[in-house]
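Colleague: Below you'll find the structure I mean.
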Amino acid sequence: MTSPTSRRTVLTAALAAAAGAGTVASSAAPASAAPSSPAGPSAPPAALVDNRFWHTYTDWRCGTGDGTRILPGARPGLVIATPAGRLDHTDPHTGETAAWDYATWTSPVHRSAVPATEVIASWNARTPAGTWIQVELSGRYADGTATPWFVMGRWAAGDGDIRRTSVDGQGDPRSTVWTDTLSVDDPASGVRLVSFRLRLTLYRAPGSRLTPTVWRVGAMASDVPDRFTVPGTAPGPARELPVPRYSQNIHLGQYPEYDNGGEAWCSPTSSQMIIEYWGRKPTAEDLAWVKPGLPDPQVCHAARNTYDYQYGGCGNWPFNAAYAATYRDMNAVVTRLGSLTDVERLVRAGIPVITSQSFLKEELTGAGYGTSGHLMTVIGFTPEGDVIANDPASPDNDAVRRVYRRREFENIWLRTKRYDAEGKVRSGTGGVCYVYWPGRPTPSRQRVLRSLGLV
């Protein structure tokens, strides 16, 4: 379950199968969609999301660098060559001011295939001690006016140089940044973001030869109509992946400085499960700070290294993806999928998916709890099409594996509106998910990732 939900918007969209490079069309049409005309089939559903990630050598060359250079190789990255300047930065969470050399890279303008109500950036980078990065985003509206440059994250893998943070209080007359999401304030007005660009600033200690390396940066733009229910999908082939099982609840009360464990740690616990599924794990040196005797110290490590000091919790979506990508040769993005059919395709290729959902206790049979926001890992499907999930909201590791009814799970994950226990309308989570995969994916994995606009 996520924490301080009042400090962010819950994203409100769903999306699905590919409809061109980087663009995904809905594989489950909105509930309000009209039936096919008697004269013939209806038009294909409109695209609901557009993914654009810069990660190849050509991608980096297409941007504009000031003090950066491209590191060639199997995984091209962006590094500091000769700093463009030096600045003093005061960390709002420590009050400490320090000087940093910096260099910048600005992406080309990407015209989204989806005029969007929301944009979420995510990135994959390495930040040795003495370095950090800042990711900014600027959108353009249909009338040609642009947003300011909004900070989407000040990030480092560790917390020894700066405190990893989102930035509150950002917006213009038509849009607002809510922790990790740039969101149009009034979608019903017709205001849309038709394009965006990103700016990376790489920082290092003055006079040093240190450098961050950024392997991937991009964003997901989406626009999905509000809906309380979504159509169900037919079951596909059964498969279950051998994903490790970790409970968040056995950590209740641990590390109040990282939001106290328990229900606040669903996101890092889910991330750690998939990281270890891919054969990666923290070293003994990484875990040396954890109090001796605590179970599953790697979950504590994940919580510390996803913690957003402004948000006050571990539920920042891009920070979780960035944490996953700190492990050897890992890729990670935040995106949306439009149906369990899309998740089945990924699982069939051997890729588990972390999904975000909210629900009342009676809306998900067998969960035994309700939540305003929770992350769990979809690891497979039964022959009947029901969802096999590693649900970290379990009393212990042995209880983590759950089977949830397909129709219930699909609806609570994909809907954009719901009712809370008092009958008030709240936002649904709208198909948001994390997808993590290793470098050099197999051809079958590459095909499904490409079809969803992720590579």
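Any read-out appearing in this document is the output of simple, stated calculations on the displayed coordinates, not a laboratory observation. None of the values given here were measured: they were computed from a predicted structure. All Cβ positions, glycine included, derive from the backbone under ideal geometry; neighbour counts span all protein chains shown.
Colleague: Apply the Karplus curve 6.51 cos²θ - 1.76 cosθ + 1.60, θ = phi - 60°, to the phi angles in the stretch 294-306 and return the couplings in whole Hz, x for Gly and Pro.
Modeller: Each residue's phi maps through the Karplus curve to give 6, x, 6, x, 5, 6, 4, 4, 4, 4, 4, 8, 10 Hz.
Colleague: Shifting gears a bit: Explain nothing, just the number: dipole magnitude of the stretch 229-451 about its Cα centre with +1 on each Lys and Arg Cβ and -1 on each Asp and Glu Cβ, in debye rounded to the nearest 20.
Modeller: In debye, rounded to 20, the stretch 229-451 gives about 800.
Colleague: Leaving out same-chain residues fewer than 8 places away, which lysines sit with a Cα under 20 Å from that of Lys361?
Modeller: Lys417, Lys424
Colleague: Counting only residues 5 or more places away or on other chains, whose amide H sits under 5 Å from the amide H of Gly77 once H atoms are built in the peptide plane?
Modeller: Excluding prolines and chain starts, which carry no amide H, the hits are Leu71.
Colleague: Place +1 on the Cβ of every Lys and Arg and -1 on the Cβ of every Asp and Glu in the stretch 46-222, take the dipole about the Cα centre, and give the residue among Gly207, Thr145, Leu48 whose Cα lies farthest towards its positive end.
Modeller: Selected residue: Gly207.
Colleague: Residues with beta-carbon under 15 Å from that of Thr64, excluding Thr64: net charge, scoring Lys, Arg +1 and Asp, Glu -1?
Modeller: +1
Colleague: While we're on this one: Need one word for the stretch 115-262: rounded, prolate or oblate. Basis is the Cα gyration tensor (sqrt eigenvalues a ≥ b ≥ c); a/c below 1.5 gives rounded, then a/b vs b/c decides.
Modeller: oblate
Colleague: I would also like to ask the following. What is the local net charge at Gln134, summed over the other residues whose Cβ is closer than 12 Å to its Cβ (Lys, Arg +1; Asp, Glu -1)?
Modeller: +2
Colleague: A further question follows. Grab the Cα-Cα distance for His93 and Arg450, subtract it from 0.36 nm times how many residues apart they are, and report the gain in nm with one decimal.
Modeller: Full extension of this stretch gives 124.6 nm more.
Colleague: Right, here's the next one. Using the Cα centre as the reference, give the magnitude of the dipole from point charges on the C-beta atoms of the stretch 183-243 (Lys, Arg: +1; Asp, Glu: -1; all else neutral), rounded to the nearest 20 debye.
Modeller: The dipole of the stretch 183-243 has a size of about 540 debye.
Colleague: Could I ask something else about it? For Cα pairs less than 8 Å apart in space and 6+ apart in sequence, what is the mean separation divided by the residue count of the chain, i.e. the relative contact order in percent?
Modeller: It comes to 22 percent, rounded to a whole number.
Colleague: Quick one: if the Förster radius is 45 Å, what FRET efficiency do Asp286 and Thr64 give, using the C-beta to C-beta distance and rounding to 0.05?
Modeller: E(calc), rounded to 0.05, equals 0.80.
Colleague: Across every pair of different alpha-carbon atoms, what Kirkwood hydrodynamic radius in Å does the stretch 229-451 reach?
Modeller: About 17.6 Å for the stretch 229-451.
Colleague: Also, quick follow-up: Taking 0.36 nm per residue of separation and subtracting the Cα-Cα distance, what length does fully extending Arg426 through Asp172 add?
Modeller: That works out to 89.0 nm of additional length.
Colleague: When the helices in the chain are scored as -39500 (n - 2.57) per DSSP H run of 4 or longer and the sum is shared across all residues, what 222 nm value do you end up with, to the nearest 500 deg cm²/dmol?
Modeller: Theoretical 222 nm ellipticity from helices: -4000 deg cm²/dmol.
Colleague: Continuing with the same structure: Residue farthest toward the positive end of the dipole of the chain, with Cβ of Lys/Arg at +1 and Asp/Glu at -1: which of Val135, Gly439, Val191?
Modeller: Positive-end residue among those listed: Gly439.
Colleague: Kirkwood-based Rg over Rh for the chain (C-alpha set), two decimals?
Modeller: Ratio of gyration radius to Kirkwood radius: 0.95.
Colleague: Ok, one more. For the stretch 350-455, which GluC sites (Glu not before Pro) pass both filters: DSSP loop (anything but H, G, I, E, B) and at most 11 other C-beta atoms within 10 Å?
Modeller: Glu384, Glu422
Colleague: Please get the size of the charge dipole for the chain, origin at its Cα centre, with Cβ charges of +1 on Lys and Arg and -1 on Asp and Glu, quoted in debye to the nearest 20.
Modeller: It works out to roughly 1260 debye.
Colleague: I'd like the Karplus ³J(HN,Hα) series for the stretch 318-325: coefficients 6.51, -1.76, 1.60, θ = phi - 60°, whole numbers in Hz, and an x wherever there's a Gly or Pro.
Modeller: x, 5, 5, 4, 5, 4, 4, 7
Colleague: Find which of Leu87, Ala157, Tyr327 sits farthest along the positive direction of the dipole of the chain, computed with +1 on the beta-carbon of Lys and Arg, -1 on that of Asp and Glu, about the Cα centre.
Modeller: Value computed over the given set: Tyr327.
Colleague: Oh, and also: Using alpha-carbon pairs under 8 Å, 6+ residues apart, how would you state the relative contact order of the stretch 46-222 in percent?
Modeller: Taking the mean separation of contacting Cα pairs over the length of the stretch 46-222, I get 32 percent.
Colleague: May I ask for the longest run of the chain untouched by trypsin sites (Lys or Arg not before Pro) that are loop-located per DSSP and have at most 13 neighbouring C-beta atoms (other than their own) within 10 Å?
Modeller: 1-208
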